Amino acid sequence: MKPYSISLEISGATAMWTRPDTGDSPVSYPVPTWSAAKGIFESIVRLETVDIVPSMVEICAPVVYHNYVTNYGGPLRKSKIMPNGSYQLLATVLINICYRLYAEIRPAEHNRPLSEKALQQKNKGFNDRHACLAMFNRRLKQGQCHDIPFLGWREFAPDYLGCFRDQTKVDESINMKLPSFLFSVFDLSGIKKPIFKQDAEIKSGRLEYVK
């Protein structure tokens with residue numbers, strides 16, 4: 001099967017790739033999870049008949065942590081304790097981040113029913129992976145998005161999303177081991193099914209997402 005590969009560069013002032021084991025004072029992973037990377041790619045293009053599968057992330061800026069405090073008033077707030085107030089949330093986030101993300105476009109594995117248009121295209125022999133590749137590259141160059149991408153938390157917007165920049169270099173001095181790394185929260189059918197990878201490793205600034 002012919003490979004269809006895509007990539008992008010993303011940077012921003014603040015990012016939060018939440019580690020679930022850090023409780024109510026969350027701490028960020030040094031790199032986006034597989035599902036977070038998938039969400040960034042799919043903010044640019046989505047097709048019903050293909051899956052965008054992240055394959056690798058490269059770290060292009062030093063990993064710097066920073067304390068972040070915000071007021072939370074959402075549905076997870078304990079209303080009995082704070083009926084009229086907000087919960088003050090302390091988090092440890094990343095600042096001044098920059099990544100290069102890589103992914104492959106593969107035939108869809110989900111069992112969700114297709115729309116009438118998608119069925120017509122499939123029956124006509126439509127090369128959906130080639131179309132997805134062309135659409136992704138065109139939108140990335142033109143700065144177009146299907147949805148607004150974000151860096152973990154929706155309030156953290158990127159300051160750059162596009163093709164690789166010449167001045168950006170992978171920080172090969174970064175080597176880390178992640179004893180338990182959240183891979184994804186939902187399966188391809190949209191059902192909540194968290195998956196963790198044990199002993200994930202960042203080598204020379206690169207982490208390969210192994211599914």
(message) Can you tell me the length gained on complete extension of the stretch Y87 to F164, counting 0.36 nm per residue apart and subtracting the Cα distance?
(response) 23.8 nm
(message) Could you order the peptides 55-63, 193-201, 165-173 from most to least packed, using the average number of other C-beta atoms within 10 Å per residue?
(response) 55-63, 193-201, 165-173
(request) Note the full-extension length gain between H66 and S204 as 0.36 nm times their separation in residues minus their Cα-Cα distance, in nm to one decimal. (result) 47.4 nm
(request) Express in nm, to one decimal, how much length is gained between N175 and Q144 on full extension, taking 0.36 nm for each residue of separation and deducting their alpha carbon distance. (result) 7.8 nm
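Read-outs: derived from the displayed coordinates by stated rules, not from any lab. The structure presented is a predicted model; accordingly, all values stated were derived computationally and were not measured. Heads up, the Cβs are rebuilt from the backbone with ideal geometry, glycines too, and the neighbour counts pull from every protein chain shown.
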